[in-house]
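Engineer: Supplied in structure tokens, the structure appears directly below.
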Amino acid sequence: MLKKILIANRGEIAVRIIRACKELGIETVAIYSTAEPDALHVQLADEAICVGGPRAVDSYLNMQNILSAACNTGCDAVHPGYGFLSENGKFARLVNQCQLTFIGPSSDMIDLMGNKSSARAVMMKHQIPVVPGSDSIISSVSDGLAWAMKIGYPILIKAASGGGGKGMRVAYDANEFESAYKLATAEAKASFGDDTVYIEKYIENPKHIEIQIIGDHHNNYLHLYERDCSVQRNHQKVIEEAPCATLRAEVRQSMIVDALKAAAAINYTNAGTIEFILDQDQKYYFIEMNTRIQVEHPITEMITGVDLIKEQIRIASGFPLSVRQEDIQMRGYAIECRINAENSFHGFQPSAGTIETLVFPGGFGVRLDTCIYPGAKVTPFYDSMVGKLIVHGNNRMECIYKMRQALEEFIIVGITTNIDFHYYILNNPEYVKGIFDVGFMERLLRELEKSEK
Ligand code: ADP
């Protein structure tokens with residue numbers, strides 16, 4: 001088993017990984033920026049090293065300093081968490097060159113699946129349905145127009161290196177194409193340093209359904225069912241559920257078979273997610289694969305009882321998975337609300353400040369993965385997510401009641417959060433009925449705006 005792990009991340013996920021390491025008897029090294037020397041992950045780790053200034057490029061993305069920290073503290077592995085360097089093939093390669101284990105798949109795998117256009121090609125090769133679209137990246141406006149004509153409008157222009165909903169633009173007809181193309185490429189260049197884009201048919205109001213898989217170095221591939229991540233704003237997830245309450249059993253089965261086929265075909269090692277969109281007839285299409293742990297992994301842990309971070313560490317240590325497929329039963333239902341420091345009722349402006357008063361919710365089946373504590377500072381430098389509130393119950397309705405209660409109990413004074421906004425969604429009749437797709441939030445926000453006028 002690995003002995004000492006550097007966690008190349010911050011916030012709640014760094015805390016989550018440290019906890020798993022402690023349970024496994026593994027020593028931990030935290031990294032931090034000068035903006036947050038008192039962060040919770042710094043306090044919980046056995047050692048902590050400052051790797052640079054407040055801006056992420058100077059610290060949490062500073063490969064050289066992070067690798068020096070890992071080597072100088074005698075670590076044997078690096079866990080990248082999600083975001084930051086977690087899907088950076090170059091970083092994974094450098095980690096290996098320093099004779100350290102990268103807790104994730106190989107760097108070549110990250111490069112292959114990290115480029116969404118090449119990931120599509122891999123899936124097509126293995127007969128996994130992808131959204132109808134271009135064969136590969138678009139070389140010019142005229143090339144794009146030709147593809148769009150072939151695919152049929154509306155189309156979606158997507159950044160090959162995209163993530164976090166960035167670098168995506170819809171064109172409803174040929175007149176809109178050029179400006180959508182320019183916006184998508186410019187945003188892709190600014191966000192990912194790569195302006196290559198490809199085109200997909202724009203599926204109207206789909207659901208976002210993803211299958212959690214894990215694979216080890218002994219050719220074992222397991223699935224842990226699906227998550228429904230359709231409650232999104234600007235293509236970013238806000239609430240996630242497991243399983244999907246409206247997914248037909250035969251469709252679920254088929255998605256699972258395809259996800260496992262994909263994992264085995266590429267000899268995937270690590271926890272991974274195969275993301276699909278599901279149209280209104282429950283036809284599904286692959287959109288991308290995430291080669292890392294995901295924000296929403298706890299809901300899968302709650303319904304399956306499998307600790308995904310521990311499995312990641314076991315896999316990276318060379319051990320076989322600790323569970324077999326027949327051990328993984330779907331037990332009950334789980335919902336996660338992402339708690340963000342933002343003003344949801346006023347344009348979702350990020351909020352910064354010091355936590356003054358804090359009351360955590362609790363009770364049977366309530367889990368809170370967070371990095372805040374009384375006195376903690378929420379700075380403007382990083383993602384606004386400060387925690388994840390997760391509930392587990394026998395069924396979806398029980399989870400909704402539990403989540404409402406947990407949200408009511410949750411008090412954070414010092415910053416503005418989206419707790420009230422979650423409460424509003426959890427009381428929305430459509431949401432409660434389970435009738436929602438990726439357009440749900442936008443419609444809700446439009447209604448809210450109208451009612452305010
Ligand atoms: P990112 O990596 O930036 O998160 P994804 O490819 O995972 O991008 O897509 C994010 C979200 O964008 C999806 O969950 C879905 O809501 C929407 N989306 C992506 N592709 C399509 C498509 N072809 N048609 C309609 N919506 C899409």
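Engineer: Starting from the Kirkwood Rh over alpha-carbon pairs, what translational D in µm² s⁻¹ does segment 70-112 have by Stokes-Einstein at 10 °C and 1.306 mPa s?
Structural biologist: 154
Engineer: Of M403, P206, I328, which is farthest along the charge dipole of the chain in the positive direction, counting Lys and Arg as +1 and Asp and Glu as -1 at C-beta?
Structural biologist: Comparing the listed Cα positions along the dipole, I328 ranks first.
Engineer: Tell me, what ³J(HN,Hα) does each residue in segment 76-89 have, in order and in whole Hz, if you take phi through Karplus 6.51 cos²θ - 1.76 cosθ + 1.60 with θ = phi - 60° and put x for Gly and Pro?
Structural biologist: Values, residue by residue: 10, 7, 10, 9, x, x, 10, x, 5, 9, 5, 10, 10, x Hz.
Engineer: Straight-line reach from K90: which aspartates and glutamates have a Cα under 15 Å away, not including same-chain ones fewer than 8 places off?
Structural biologist: Hits, sequence-local ones excluded: D108, D111, D194.
Engineer: Hey, what does the equivalent ellipsoid look like for segment 323-453, semi-axes from the Cα gyration tensor as sqrt of 5 times each eigenvalue, largest first, whole Å?
Structural biologist: In descending order, the three semi-axes are 26, 22, 13 Å.
Engineer: Expressed in nm², what is the orientationally averaged projection area of the convex hull enclosing the Cα positions of segment 278-345?
Structural biologist: It is 7.8 nm².
Engineer: Shifting gears a bit: Solvent-accessible area of E409, probe 1.4 Å, all protein chains present, reported in Å² to the nearest ten, please.
Structural biologist: Only protein atoms counted, so the area is about 60 Å².
Engineer: Could I ask something else about it? D111 accessible area, nearest 10 Å², 1.4 Å probe?
Structural biologist: Number for this one is 70 Å².
Engineer: Viscosity 1.306 mPa s, temperature 10 °C: give me the Stokes-Einstein translational D for segment 255-389 in µm²/s, with Rh taken as the Kirkwood radius over C-alpha pairs.
Structural biologist: 89
Engineer: Same structure, new question: With +1 on the Cβ of every Lys and Arg and -1 on the Cβ of every Asp and Glu, and nothing else charged, how large is the dipole of the chain about its Cα centre, in debye rounded to the nearest 20?
Structural biologist: The calculation lands at about 280 debye.
Engineer: Separate question: Roughly how big is segment 271-375's charge dipole about its Cα centre, with Cβ charges of +1 (Lys, Arg) and -1 (Asp, Glu), in debye to the nearest 20?
Structural biologist: That gives a dipole near 260 debye.
Engineer: When the dipole is taken about the Cα centre of segment 123-254, and only Lys, Arg (+1) and Asp, Glu (-1) are charged at their Cβ, what size is it in debye, to the nearest 20?
Structural biologist: 80
Engineer: On to the next question. From the residues G74, F102, M123, which one has its Cα farthest along the dipole of segment 1-147 in the positive direction, the dipole being from +1 and -1 charges on Cβ of Lys/Arg and Asp/Glu about the Cα centre?
Structural biologist: Going by the Cα projections, it comes out as M123.
Engineer: Kirkwood hydrodynamic radius, segment 42-96, all distinct C-alpha pairs: what's the number in Å?
Structural biologist: 11.8
Engineer: What is the projected area of the convex hull of the Cα atoms of segment 170-321, averaged over all directions, in nm²?
Structural biologist: 10.3
Engineer: Using only the alpha-carbon atoms of segment 106-145, report the extent along each of the three principal axes, biggest first, to the nearest angstrom.
Structural biologist: Sorted largest first, the three principal extents are 36, 22, 11 Å.
Engineer: Continuing with the same structure: Using a/c under 1.5 as the rounded threshold, could you call segment 187-251 rounded, prolate or oblate? The axes a ≥ b ≥ c are square roots of the C-alpha gyration tensor eigenvalues, and prolate needs a/b larger than b/c, oblate otherwise.
Structural biologist: Taking the square roots of the gyration eigenvalues as a ≥ b ≥ c, segment 187-251 is oblate.
Engineer: I've got another one for you. Kirkwood Rh and Cα-based Rg: tell me the resulting Rg over Rh for the chain, rounded to two decimals.
Structural biologist: Ratio of gyration radius to Kirkwood radius: 0.94.
Engineer: Using Cα-Cα distances under 8 Å and only pairs 6 or more residues apart, what relative contact order does the chain have, in percent?
Structural biologist: Normalised by residue count, the contact order of the chain is 14 percent.
Engineer: Then there is this: Which is farthest toward the positive dipole end of the chain among I313, L368, S351, measuring Cα position about the Cα centre, with Cβ charges +1 (Lys, Arg) and -1 (Asp, Glu)?
Structural biologist: Result: I313, furthest along the dipole toward the positive end.
Engineer: On the full set of protein chains, 1.4 Å probe, figure out the accessible area of H126 and give it in Å² to the nearest 10.
Structural biologist: Near enough 50 Å² of accessible area.
Engineer: Could you bin all the Cα-Cα distances of segment 355-420 into 10 Å bins starting at 0 and give me the percent of pairs in each, rounded to whole numbers?
Structural biologist: Answer for segment 355-420: a P(r) of 20, 51, 24, 6 percent.
Engineer: Ignoring ligands, DNA and RNA, please state the percent of accessible area on the chain from carbon and sulfur, probe 1.4 Å.
Structural biologist: The C+S portion of the solvent-accessible surface of the chain is 50 percent.
Engineer: Longer than 30 Å from Cα to Cα, which of K207/K450; K158/K283; K182/K388; K116/K310; K158/K433 are they? Say none if no pair is.
Structural biologist: Checking Cα-Cα distances, K182/K388; K158/K433 exceed 30 Å.
Engineer: Please list the equivalent ellipsoid semi-axes of segment 79-237, computed as the square roots of five times the alpha-carbon gyration tensor eigenvalues, in descending order and whole angstrom.
Structural biologist: Whole-Å semi-axes of the equivalent ellipsoid: 30, 19, 15.
Engineer: Helix-derived [θ] at 222 nm for the chain: sum -39500 (n - 2.57) over DSSP H runs of at least 4, divide by residue count, nearest 500?
Structural biologist: Here the helix-only value at 222 nm equals -10500 deg cm²/dmol.
Engineer: While we're looking at this one, here's another question. Using the Karplus curve 6.51 cos²θ - 1.76 cosθ + 1.60 with θ = phi - 60°, what ³J(HN,Hα) values do you get for each residue of segment 36-48, in whole Hz, with x for Gly and Pro?
Structural biologist: Listing the rounded values in order: 8, x, 9, 4, 4, 5, 5, 6, 8, 6, 5, 9, 9 Hz.
Engineer: Quick one: which residues, 5 or more positions from T354 or on another chain, have an amide H under 5 Å from its amide H? H modelled 1.01 Å from N in the peptide plane, none for Pro or chain starts.
Structural biologist: V378
The values are calculated or read from the model by the stated rules, or taken from the named source; none is laboratory data. Here the structure is a predicted model, which is why all the values come from computation and not from measurement. Glycine gets a Cβ as well: all are built from the backbone with ideal geometry, and neighbour counts include every protein chain shown. With ligands, DNA and RNA removed, areas are computed over all heavy atoms of the protein, side chains included. Shrake-Rupley method; radii C 1.70, N 1.55, O 1.52, S 1.80 Å.
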